[in-house]
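Contents: one structure, followed by commentary.
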Protein chains: 2
Amino acid sequence: MPQITAVTVEDVRFPTSLTGDGSDAMNKDGDYSAAYVVLHTDGTDTTGAPLAGHGLTFTIGRGNDIVAAAAAQQAAHLVGWDIDEMAADMGRVYRFLSSDSQLRWLGPEKGVVHLSLAAVLNASWDLVARRASKPLWQLLTDMTPEQLVDIADLRYLSDALTRDEALEILQAQEAGKAGRVAELARRGYPAYTTSAGWLNYDDDKLRRLCQEAVDAGYGYVKLKVGADLDDDIRRCTIAREIIGYERELMIDANQVWDVGQAIEWVRELARFEPLWIEEPTGPDDILGHAAIRRAVAPIGVATGEHCHNRVMFKQLFQAGAIDFCQLDTGRLASINEIVSVLLLAAKFGVPVCPHAGGVGLCEMVQHVAVLDYVAVSGDLTNRVTEFVDHLHEHFTDPCVVSDSGHGTAYVLPRDPGYSTRLHPESIDTYRFPEGHYWASAPTPGLGNIGVAAAVKP
Amino acid sequence: MPQITAVTVEDVRFPTSLTGDGSDAMNKDGDYSAAYVVLHTDGTDTTGAPLAGHGLTFTIGRGNDIVAAAAAQQAAHLVGWDIDEMAADMGRVYRFLSSDSQLRWLGPEKGVVHLSLAAVLNASWDLVARRASKPLWQLLTDMTPEQLVDIADLRYLSDALTRDEALEILQAQEAGKAGRVAELARRGYPAYTTSAGWLNYDDDKLRRLCQEAVDAGYGYVKLKVGADLDDDIRRCTIAREIIGYERELMIDANQVWDVGQAIEWVRELARFEPLWIEEPTGPDDILGHAAIRRAVAPIGVATGEHCHNRVMFKQLFQAGAIDFCQLDTGRLASINEIVSVLLLAAKFGVPVCPHAGGVGLCEMVQHVAVLDYVAVSGDLTNRVTEFVDHLHEHFTDPCVVSDSGHGTAYVLPRDPGYSTRLHPESIDTYRFPEGHYWASAPTPGLGNIGVAAAVKP
């Protein structure tokens, strides 16, 4: 019965560029940001508090206002919708929001209008999960195979995955679902850390953070590479000194290389036996990733945080281009498109290791990883979900990572929703440009980094 | 010496949805629109008029404001730049505008921020051509091979096209450039028409427009298909009755099919011997286009108007996915990225037949087609550029199409610039939402089509 009564969209930016958190070879000065959508209703949750849905997409600063403006246009049309009707047919909500052909022209299914669609749909999924008083992973794993396929967007996929094949994949996992939930409740979902290896950190900080990762129980550590080969060799040497070879090292170039250069560079780093090279070249280059993968095996190729839709993932699988699928919950159009990618990955036997970090991505991917294991792949082999220890303090239900004796892992979330509700005080402080922080920042209205300085040719 | 002193960006929308102009199986109700950038300077042109650069990208209505907002952010940083310094190194202007890593995150190189980048760079190219008192095609064909390669963005392309190969392609055409310019001055650049076949036109209008196309000297006519097979068969029958088989018929599905469905549907229409099937499936599906091409030969596969960057075109060529490259001057990042695609197309032997229509696309593509023939491919075989007879009256230097005895062709443009300056009265009338037209439209502030009606699930 409750209805959506109003929509608010906030441009929230955190000053991460000041500390070098999040720095890599392509993105040297990001201010981690969220285009944050709230769907207000006239209902209450089981505690009597006002019922609302909260969703976001992640950007790195400038342009977050553009994404917010697009999200506001898309979300405005949800006012008046009945929450229970939405919950009964989330495929319809997805088709409604994605079928405005005039906005579709601006992608299609990519860039700003797809990022904003992700934010609006993430808020919608948070809303229906809160309405059901379930964490989102549970709402989804409680669905039947038919219900899950009905919410998935299978358009343009039938040459790789038919509806019947999708149903078969899900039906095969039905019997073991409860057991796998119990297993995750016990041991959590495996996590790795990126917090140690940002490119702007000096060697001492790298050494210290690698040691902290080992002490915290991590079996996996990721380093940023790609700006300078000598630096990369020195940093990988330090990392391996600390973590040894009984733990996995991953490296991430954030798209800076051409195909040939990627192959040469990775071969220079092969002595450090990385588990994967992440984003070795432009994210649209399916055939390029396939060529790199053939050339650098047995080092794996990982990509996906900038893979903009299910059609691109379909081709990455068809071309045998990747060993690890790093889908992103702020870039794909929420659960409706993510389920499609999980199904494709299962069909092609590629493990899904979601991209996280940023703002709220860790909070979201824990639900996706659980969904994948419980209902879709039924497999933890080679699966490990990114964790970055930043900005969680801004969320009312932050993700929790701990070592339960099986290696560091995400603790199964229990609070209703998609875990992406921000504290009101965080919004007030970091709302751009008028929040307390930004109003008194070095260059008010421009962010931490003056644009001219950032883009000087 | 003259400098850019100010930037204005306009959201201009034309009410094309009211007449069904531009209607196709995916886009039933577009209001053809332009995010229109003007770079104002303190200089004058050779006539003593104020010197300014005018550029646009094309959208179909809602969201044009979002693109305009992105263009305003990008273009603002050009204030203070010296026009002659820009003209001397347009590669630097491109790198400056495209290297804001915070905005890059929103693509990268796709969607709203790439459309807006196209608009800003199109205005920059118009400006430097006007400063040189040359039509843009001439400014470009007067460049040396080194100069042309220096303005091109070759990043991520080296596995398919090296800088040396690019130079060789251009050097091979140097000797014949003057002769080809003289030839185009005589006969124009071959054109085909899409005006006859919009999906919402009834059979009588289709018949009449096909006859008019024949009477006007067109050797090529294109129809929209893909909504209903029986309709398509009836419409193709009518078109062939009128144009016969001595002229070419092309069909365009605007992305509505999955791969298998495209193959079946096109085989049903094969009896009409279309020259090409355009946009048979999702524009990101490189491998899907390759599969369709293998299955429907000898019917050609054409795509590109939604191909969002040079990396996607590279792969379409590498995968043998297309017979015709329909690059778009509002979607690629202006001449800097278009030159890269022309070079790739020449290397792989794929003819370039640019997408046009919309708002101002015909005005721009005439320059690109001339550049391709004169300086890059040196070939007219299987090349024909789209022409749609809409909205040209809004431009101060509209393109002209006529039949000089060699079939209908674009007349070589002679006015300085990129031909995309709008009449001030057109802007005043169609500025959204406050222009005279929209202020008195049926649903002021929403466009012609109420959003709820447009996207009803």
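The values are calculated or read from the model by the stated rules, or taken from the named source; none is laboratory data. Remember, predicted model here, so these are calculated numbers, not experimental data. Here the Cβ positions follow ideal geometry from the backbone for every residue, glycine too, while neighbour counts run over all protein chains shown.
Quick one: how many residues across the range A:38-75 are assigned to a strand (DSSP E or B), under 17 Å from the mean Cα position of the chain (by Cα) and under 30 Å from A:Pro442 (Cα atoms)?
So in the range A:38-75, the residues assigned to a strand (DSSP E or B) come out as A:38-44, A:50-59.
Applying the additional criterion that residues be under 17 Å from the mean Cα position of the chain (by Cα) yields A:54-59.
Subsequent filtering for residues that are under 30 Å from A:Pro442 (Cα atoms) retains A:55-59.
The number of residues fulfilling the criteria is 5.
Considering every residue within the range A:109-117, establish whether at least one is closer than 29 Å to A:Thr16 by Cα, among the small types (Gly, Ala, Ser) and within 14 Å of another protein chain (Cβ to nearest Cβ). Full working, then the answer.
Narrowing the range A:109-117 to residues closer than 29 Å to A:Thr16 by Cα: A:109-117.
If we keep only those that are among the small types (Gly, Ala, Ser) as well, we get A:111, A:116.
Imposing the further condition that a residue be within 14 Å of another protein chain (Cβ to nearest Cβ) reduces the set to A:111, A:116.
Looking for residues that are closer than 29 Å to A:Thr16 by Cα, among the small types (Gly, Ala, Ser) and within 14 Å of another protein chain (Cβ to nearest Cβ), one finds at least one in the range A:109-117, hence yes.
Being in contact with a Pro (Cβ under 7 Å, 6 or more places away or on another chain), modelled with pLDDT of 95 or more and hydroxyl-bearing (Ser, Thr, Tyr), is that true of even one residue in the range A:295-306? Break it down stepwise before answering.
Residues of the range A:295-306 that are in contact with a Pro (Cβ under 7 Å, 6 or more places away or on another chain), as a first pass: A:299, A:301, A:303, A:306.
Now narrow it down to the ones that are modelled with pLDDT of 95 or more: A:299, A:301, A:303, A:306.
Now narrow it down to the ones that are hydroxyl-bearing (Ser, Thr, Tyr): A:303.
Yes, the range A:295-306 has at least one match.
Only one of (1) within 22 Å of A:Val359 (Cβ to Cβ); (2) surrounded by fewer than 17 Cβ atoms within 10 Å (Cβ to Cβ) is not met by A:Leu199, so which one is it?
Just one mismatch for A:Leu199, condition (2).
Those residues that are in contact (Cβ under 8 Å) with a residue 60 or more places away in the chain and assigned to a strand (DSSP E or B), I need them from the range B:209-232; list them, please.
Initially, the range B:209-232 is screened for residues in contact (Cβ under 8 Å) with a residue 60 or more places away in the chain, giving B:216-220, B:222, B:224-227.
Correct list: B:Tyr220, B:Lys222, B:Lys224.
If you take the residues of the range B:129-148 that are over 12 Å from B:Leu371 (Cβ atoms) and surrounded by fewer than 24 Cβ atoms within 10 Å (Cβ to Cβ), which of them is nearest to the other protein chains (Cβ to nearest Cβ)?
Ranking the candidates gives B:Gln147 first.
Could you list all residues from the range B:276-290 that are facing chain A (nearest Cβ under 10 Å), among the β-branched types (Val, Ile, Thr) and closer than 26 Å to B:Ala239 by Cβ?
Scanning the range B:276-290 gives a single hit, B:Thr281.
Only one of these is in contact with a His (Cβ under 7 Å, 6 or more places away or on another chain) and either in the same structural domain as A:Ser377 (by TED's automatic domain parsing) or touching a residue at least 24 places away in the same chain (Cβ under 8 Å) (or both): A:Leu115, A:Leu136. Name it. Steps first, answer last, please.
Details: A:Leu115 fails: in contact with a His (Cβ under 7 Å, 6 or more places away or on another chain).
A:Leu136 is the lone residue from the list that is in contact with a His (Cβ under 7 Å, 6 or more places away or on another chain) and either in the same structural domain as A:Ser377 (by TED's automatic domain parsing) or touching a residue at least 24 places away in the same chain (Cβ under 8 Å) (or both).
Out of the residues in the range B:69-79 meeting the condition of being more than 8 Å from chain A (Cβ to nearest Cβ) and buried (at least 24 other Cβ atoms within 10 Å of the Cβ), tell me which one is nearest to B:Ala34 (Cα to Cα).
B:Ala71
From the list B:Arg240, B:Arg187, which residue is in contact with a helix residue (DSSP H, G or I) (Cβ under 6 Å, 6 or more places away or on another chain), surrounded by 15 or more Cβ atoms within 10 Å (Cβ to Cβ) and not aromatic (Phe, Trp, Tyr)?
Numbers: B:Arg187 fails: in contact with a helix residue (DSSP H, G or I) (Cβ under 6 Å, 6 or more places away or on another chain).
Matching residue, one of B:Arg240, B:Arg187: B:Arg240.
Being within 12 Å of chain A (Cβ to nearest Cβ), touching a Lys or Arg at 6+ places or on another chain (Cβ under 8 Å) and surrounded by 21 or more Cβ atoms within 10 Å (Cβ to Cβ) is the requirement here; does B:Asp252 meet it?
no
Any residue in the range B:1-14 that's more than 29 Å from B:Asp31 (Cα to Cα): show its pairings with residues that are at pLDDT 95 or above and small (Gly, Ala, Ser) at Cβ separation under 7 Å, as long as the two are six or more apart or on different chains.
Listed by first residue and then by second, the contacts come to B:Pro2/B:Gly43; B:Gln3/B:Gly80; B:Ile4/B:Gly80.
Modelled with pLDDT of 90 or more and within 26 Å of A:Val365 (Cα to Cα): does that describe A:Arg207? So that I can check it myself, show each step before the final result.
Details: modelled with pLDDT of 90 or more: yes; within 26 Å of A:Val365 (Cα to Cα): no.
The answer is no for A:Arg207.
Tell me which of these A:Arg235 doesn't satisfy, since it passes every other one: (1) in contact with a Gly (Cβ under 8 Å, 6 or more places away or on another chain); (2) outside any helix (DSSP H, G or I).
Failing condition for A:Arg235: (2).
In the range B:339-354, is there at least one residue being part of a loop (DSSP other than H, G, I, E, B) and in contact with an Asp or Glu (Cβ under 6 Å, 6 or more places away or on another chain)? Spell out the reasoning first.
Initially, the range B:339-354 is screened for residues part of a loop (DSSP other than H, G, I, E, B), giving B:349-351, B:353-354.
Still in the list and also in contact with an Asp or Glu (Cβ under 6 Å, 6 or more places away or on another chain): none.
Within the range B:339-354 (the criterion being part of a loop (DSSP other than H, G, I, E, B) and in contact with an Asp or Glu (Cβ under 6 Å, 6 or more places away or on another chain)), the answer is no, since none of the residues qualifies.
Of all the residues that make up the range B:263-275, how many are within 14 Å of chain A (Cβ to nearest Cβ) and touching a Gly at 6+ places or on another chain (Cβ under 8 Å)? Don't jump to the end; show me each part of the working.
Within the range B:263-275, the subset within 14 Å of chain A (Cβ to nearest Cβ) is B:263-265.
From the residues that got through so far, the ones that are touching a Gly at 6+ places or on another chain (Cβ under 8 Å) too are B:265.
Selection size over the range B:263-275: 1.
Under 6 Å by Cβ, and 6 or more places apart or on different chains, what pairs join a residue from the range A:300-314 that is on the phi < 0 side of the Ramachandran plot and touching a residue at least 40 places away in the same chain (Cβ under 8 Å) with one that is small (Gly, Ala, Ser) and in a helix (DSSP H, G or I)?
Correct list of pairs: A:Arg310/A:Ser340.
A:Val352 versus (1) surrounded by fewer than 20 Cβ atoms within 10 Å (Cβ to Cβ); (2) without any contact (Cβ under 8 Å) to a residue 60 or more places away in the chain; (3) closer than 17 Å to A:Ile338 by Cβ: which is the lone unmet condition?
(1)
Residue by residue through the range A:32-51, note down the ones that are among the β-branched types (Val, Ile, Thr) and either within 14 Å of another protein chain (Cβ to nearest Cβ) or over 24 Å from A:Ser99 (Cβ atoms) (or both). Let's see the steps before the verdict.
In the first step, residues of the range A:32-51 are kept if they are among the β-branched types (Val, Ile, Thr); the result is A:37-38, A:41, A:44, A:46-47.
Once the filter is applied, which keeps residues that are among the β-branched types (Val, Ile, Thr) and either within 14 Å of another protein chain (Cβ to nearest Cβ) or over 24 Å from A:Ser99 (Cβ atoms) (or both), the range A:32-51 yields A:Thr44, A:Thr46, A:Thr47.
On the basis of being outside any helix (DSSP H, G or I), modelled with pLDDT of 95 or more and surrounded by fewer than 21 Cβ atoms within 10 Å (Cβ to Cβ), does A:Leu412 make the cut? Step through it out loud before you land on a result.
Details: outside any helix (DSSP H, G or I): yes; modelled with pLDDT of 95 or more: yes; surrounded by fewer than 21 Cβ atoms within 10 Å (Cβ to Cβ): no.
So A:Leu412 fails the test.
So, of the residues in the range A:149-172 that are more than 13 Å from chain B (Cβ to nearest Cβ) and crowded, with 20+ Cβ neighbours inside 10 Å, which turns out to be nearest to A:Arg310 (Cα to Cα)?
Of all residues in the range A:149-172, those more than 13 Å from chain B (Cβ to nearest Cβ) come to A:149-152, A:164-172.
Remaining after also requiring crowded, with 20+ Cβ neighbours inside 10 Å: A:149, A:151-152, A:166, A:169-170.
Working: A:Val149: 14, A:Ile151: 14, A:Ala152: 11, A:Ala166: 14, A:Ile169: 17, A:Leu170: 18 Å.
The residue in question is A:Ala152.
Rundown of residues vs (1) under 22 Å from B:Arg331 (Cα atoms); (2) more than 13 Å from chain B (Cβ to nearest Cβ); (3) at pLDDT 95 or above; (4) surrounded by fewer than 23 Cβ atoms within 10 Å (Cβ to Cβ), yes/no style:
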| site | (1), (2), (3), (4) |
| --- | --- |
| A:Gly53 | no, yes, yes, no |
| A:Trp81 | no, no, yes, yes |
| A:Arg92 | no, no, yes, yes |
| A:Gly107 | yes, no, yes, no |
| A:Ser124 | no, yes, yes, no |
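Taking only the range B:145-195 into account, find how many residues are assigned to a helix (DSSP H, G or I) and β-branched (Val, Ile, Thr). Outline the logic, then answer.
Going residue by residue through the range B:145-195, those that are assigned to a helix (DSSP H, G or I) are B:145-151, B:163-173, B:177-187.
In the following step, the residues that additionally are β-branched (Val, Ile, Thr) were identified as B:149, B:151, B:169, B:181.
Qualifying residue count, the range B:145-195: 4.
Please go through the range B:94-105 and give me each residue that is of a type outside the set (A, V, I, L, M, F, W, C) and either in contact with a Gly (Cβ under 7 Å, 6 or more places away or on another chain) or within 7 Å of chain A (Cβ to nearest Cβ) (or both), ordered by number.
Passing the criteria: B:Arg95, B:Ser99, B:Asp100, B:Ser101, B:Gln102.
Just checking, does the range A:361-368 include any residue being out of contact with any Leu (no Cβ under 8 Å at 6 or more places or on another chain), surrounded by fewer than 20 Cβ atoms within 10 Å (Cβ to Cβ) and either within 30 Å of B:Gln102 (Cβ to Cβ) or of a type outside the set (Phe, Trp, Tyr) (or both)?
Taking every residue of the range A:361-368 in turn, none turns out to be out of contact with any Leu (no Cβ under 8 Å at 6 or more places or on another chain), surrounded by fewer than 20 Cβ atoms within 10 Å (Cβ to Cβ) and either within 30 Å of B:Gln102 (Cβ to Cβ) or of a type outside the set (Phe, Trp, Tyr) (or both).
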